[in-house]
Amino acid sequence: ANTSARLASLKQMKEASLQAMFPQEGETVPKIRFKGFEGEWETPSIAEVFELRNGYTPSKAIDAFWEGGTIPWFRMEDIRENGGILHDAIQHITPLGVKGNGLFEKNSIILSTTATIGVHAMLIVDSLANQRFTNFSIRKSLKSSYDPMFVYYSFFGIDEWSKKNTNSGGLLSVNIPLLLKQPFLTPSFAEQCAIASYFTNLDRQITLQTQRLEKLKQIKAACLDNMFV
């Protein structure tokens, strides 16, 4: 029970930290910050920071788009199976299946903006995703101003915003024009790195406890099997 209690408390801590260490809607400073950082965060709009592109599915009727493919093509299932940092996909496409704009860049974000809304992941490989996802890539001129892991953790707030701001009628989808106007709250690069490493460490502990719990379940199942041979 200790492992599962520890896992639950780490997950709670992450939830609480995401609330406290990023400014909440309408605010420009977080409730809690590391020593030595002060002043308001900058408030460029999402449109100013990111270029957006839509995911898509190459035609399944054309074998040449799929057979022997090596380019990762992500779906919601990939996030469910492998979490929020994605380096390979369950399914792959060929270069022939890629449209003119090319691939989604490594270190960009995919956010589910239709059907299941408000789930995001970071792509750590050049790849593509299906049409449920919108891809957010930091503009070239701003790449050196942002820590990719800070951006990844910032998107938990954008997940929540997305769930609350959907278009009614037809297929449920995020109100993208409104999303583009929202601020992407930006502290100094040093503060971004401090926040990112705090959450990266927290996620590492969560993964560790999750694996431990899985192992305990397997051991328990094996013991039960042996008891009734």
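The values are calculated or read from the model by the stated rules, or taken from the named source; none is laboratory data. Nothing here was measured: the structure is a model prediction, and the numbers come from that model. Glycine also receives a Cβ, built like all others from the backbone with ideal geometry; neighbour counts cover every protein chain displayed. Please note that ligands, DNA and RNA were not included when accessible areas were found on the heavy atoms of the full protein model with its side chains. Shrake-Rupley method; radii C 1.70, N 1.55, O 1.52, S 1.80 Å.
Counting protein heavy atoms only, the chain has 55 percent of its accessible area on carbon and sulfur, 1.4 angstrom probe.
Using +1 at the C-beta of Lys and Arg and -1 at the C-beta of Asp and Glu, which of Leu180, Phe65, Ile158 has the Cα lying farthest in the positive direction of the dipole of the chain? Value: Ile158. Taking the Cα centre of the chain as origin and assigning +1 to Lys and Arg Cβ atoms and -1 to Asp and Glu Cβ atoms, the resulting dipole is close to 400 debye. If contacts are Cα pairs under 8 angstrom and at least 6 residues apart, what is the relative contact order of the chain in percent? Value for the chain: 24 percent. Taken per residue, the accessible surface of the chain reaches 56 Å², heavy atoms only and a 1.4 Å probe. Note on Cys193: accessible area is roughly 50 Å² with a 1.4 Å probe, heavy atoms of protein only.
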